[in-house]
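Working notes for the structure below.
The values are calculated or read from the model by the stated rules, or taken from the named source; none is laboratory data. Keep in mind the model is a prediction, meaning the values are calculated, not measured. Methodologically, a virtual Cβ is constructed for each residue, glycine included, from the backbone with ideal geometry; neighbour enumeration extends over all protein chains shown. Calculation scope for accessible area: heavy atoms of the full protein, side chains included, ligands and nucleic acids excluded. Shrake-Rupley method; radii C 1.70, N 1.55, O 1.52, S 1.80 Å.
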Amino acid sequence: MTTLLSTDLELRQLLESAKTIAVVGLSENESRASFGVAKYLISAGYEVIPVNPQLSSWQGIAAYPTVEAIGRPVDIVDVFRGSEFLYTLRLQSGETVMAHVPSHHDHTVGEWIG
C-alpha cells in the first residue's frame with residue numbers, strides 16, 4: 001500500500017527513518033528539479049537510486065528503467081513525472097511511500113493515490 005502523509009510530523013519521521021530513495025524521472029540536466037533534489041538527498045546521506053529508462057547510470061550510480069527493476073525495497077519513491085504515470089508506479093512500489101512532485105496542471109492526484 002502506498003502511504004499518503006498528512007502532517008509535517010509524519011513527513012519528518014519518514015525522512016529520519018528512510019535510508020533509500022528512488023528518484024523516478026531523474027535527469028542528467030542540471031537545470032531540472034530532479035537533478036538538484038537528488039544531489040541534495042545524496043549530500044544529506046540518503047542512498048539515491050536513479051530510475052529512468054533512458055539512463056544506464058547517473059553521476060556514477062547505476063540507473064534502473066523501472067522501480068520494479070531495482071529488485072530490492074526502497075523507503076521512498078520520489079516521482080518527477082506527470083500524474084499519468086503514478087498508477088503504474090504505485091503498483092510497482094509495493095509498501096513504499098511515494099512522493100509526487102506535481103506540475104502546475106496535476107490537480108487530481110490526491111483523489112486516488114492514498
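Tabulated values for the structure
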read-out	value
Subset tally (residues that are of a type in the set (V, I, T) and modelled with pLDDT of 90 or more) for segment 54-71	2
Candidates V74, V101, V51 - the one that is surrounded by 14 or more Cβ atoms within 10 Å (Cβ to Cβ), at pLDDT below 85 and not basic (K, R)	V101
Residues of segment 54-69 classified as more than 12 Å from the chain's Cα centre (by Cα) and either within 24 Å of L11 (Cα to Cα) or open to solvent by 40 Å² or more (accessible area, probe 1.4 Å) (or both), total	11
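So that you can scan it fast, the table gives a plain yes or no per residue for (1) within 15 Å of V77 (Cβ to Cβ); (2) hydrophobic (A, V, I, L, M, F, W, C); (3) part of a loop (DSSP other than H, G, I, E, B); (4) at pLDDT below 90:
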{"position": "S6", "(1), (2), (3), (4)": "no, no, yes, yes"}
{"position": "E10", "(1), (2), (3), (4)": "no, no, no, yes"}
{"position": "L15", "(1), (2), (3), (4)": "yes, yes, no, yes"}
{"position": "G45", "(1), (2), (3), (4)": "no, no, yes, no"}
